[in-house]
Every structure is written in structure tokens, then in C-alpha cells.
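*Asks:* Next up is a structure, given as C-alpha cells.
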Amino acid sequence: MLPVKLDEVNLALLQHLRDGRKSFKEIAASLSIAENTVRSRVNQLTREGVLEVSGLVDPEKLPGHQLVLVGVKLNTMHLVRKGEEFSRLRGVVAVCVVTGRYDLILTVLLNEELDLLKFYTEEVARVSEVRSAETFVVYKGYNARVPYVL
């Protein structure tokens, strides 16, 4: 399957879909294209994995919840494999393989049941070849919306 071409229309659709509840009819009218064109392109972008429409939460507005970033150094160069392994841990919203002083950066959603200590002792402890991890607690986020993964 050929990758989706991100032309001006597809990019405009992605911008409109920041509000995942916006109707195809509204988007079509705004872009002066047919509603079926919007539907077809959104379906294609979804099939290709370019787009996923989902509900996001603001962790700061959820009592007992906190967002943290974790920088992980590994004892292996199998970064992608380890990234996939971390992505399956409870509370992990996203994992990025990065350059710089860390090998991976995790975005983690915590709550009263899964606090930071439990995340490290019950989740991270299951992953081998971790040299170190450094936590960055998010005290105030801007546009920090995440899927509810707990």
C-alpha cells in the first residue's frame, strides 16, 4: 500500500480534526469540498495510521492524577525493541526513542492506584537492561492532553 500523500487538503483536514467531534459536513463547508471527499480522505488517513480520532484528557483537571516524563538510559542498543516493551507498561501514554543523554523518553499518566513508586517497582522493574531512569514531574502543562490509559 502506498503511503498517503499529505497534500493541502489532507493537512487542512488534520487541522480541522483537532476537534474530533467536528462533523464532516462542517469541515466540507469550511474547505469548499464535498462531504464524501472529507469522509473518504479521513478514512484513508485512518487506514494508513496517519490519523486516529480519540478522546484526550487534561491530567491537571483529574483529581489524583499526574503526568510525568521519564528519561531512560539503557544498557543495550536495541532501542526500538525496548521502546515497544516500555509502551506496553501500565500508565505509559507514549514512548519516544531519542538522541541526547537519554535513549527513551516516556510520557506516563499516574493516579492514586498507580503512583510513581509503584510505576518504578511494579512496571519499570519488569524491563531488563535499564541502566537508569530520571523522572520529571509535570507541575503545569500547556496543551498536555493525553489518552486515558489507566
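The values are calculated or read from the model by the stated rules, or taken from the named source; none is laboratory data. These numbers were taken from a predicted model, which means no experiment stands behind them. Cβ atoms come from the backbone with ideal geometry, glycine included; neighbour counts cover every protein chain shown.
*Asks:* Return yes or no: is residue 35 surrounded by 16 or more Cβ atoms within 10 Å (Cβ to Cβ) and either in contact with a Ser or Thr (Cβ under 6 Å, 6 or more places away or on another chain) or among the charged types (D, E, K, R) (or both)?
*Replies:* no
*Asks:* Right, here's the next one. Given the criteria basic (Lys, Arg), more than 20 Å from residue 141 (Cβ to Cβ) and not assigned by TED's automatic domain parsing to the domain that holds residue 96, does residue 22 qualify?
*Replies:* Yes: the conditions hold for residue 22.
*Asks:* Within the set of pairs 6+ apart or on separate chains, which have a first residue in the range 76-98 that is assigned by TED's automatic domain parsing to the domain that holds residue 112, a second that is outside any strand (DSSP E or B) and modelled with pLDDT under 95, and C-beta atoms under 6 Å apart?
*Replies:* 93/149
*Asks:* Looking only at residues in the range 98-112 that are surrounded by fewer than 17 Cβ atoms within 10 Å (Cβ to Cβ) and not polar (S, T, N, Q), which one is nearest to residue 65 (Cα to Cα)?
*Replies:* Result: 112.
*Asks:* Here is a further query. Just checking, how many residues over the range 118-150 are polar (S, T, N, Q) and outside any loop (DSSP other than H, G, I, E, B)?
*Replies:* 3
*Asks:* Could you grab the pairs with beta carbons closer than 8 Å, sequence gap of 6+ or different chains, first residue in the range 43-56 and in contact (Cβ under 8 Å) with a residue 24 or more places away in the chain, second one basic (Lys, Arg)?
*Replies:* Correct list of pairs: 56/145.
*Asks:* Let me ask something else about it. Only one of 73, 22 is closer than 22 Å to residue 115 by Cα and over 18 Å from the mean Cα position of the chain (by Cα). Can you tell me which?
*Replies:* 73
*Asks:* Yes or no: the range 27-49 includes at least one residue that is under 21 Å from the mean Cα position of the chain (by Cα) and acidic (Asp, Glu).
*Replies:* Yes, the range 27-49 has at least one match.
*Asks:* Just need a number here: residues in the range 113-144 that are under 25 Å from residue 62 (Cβ atoms) and either in contact with a helix residue (DSSP H, G or I) (Cβ under 8 Å, 6 or more places away or on another chain) or surrounded by 10 or more Cβ atoms within 10 Å (Cβ to Cβ) (or both).
*Replies:* Total meeting the criteria: 20.
*Asks:* Ok, one more. Could you tell me which residue of the range 82-97 is farthest from residue 139 (Cα to Cα), considering only residues that are surrounded by fewer than 18 Cβ atoms within 10 Å (Cβ to Cβ) and in contact with a Gly (Cβ under 9 Å, 6 or more places away or on another chain)?
*Replies:* Once the filter is applied, the top-ranked residue is 97.
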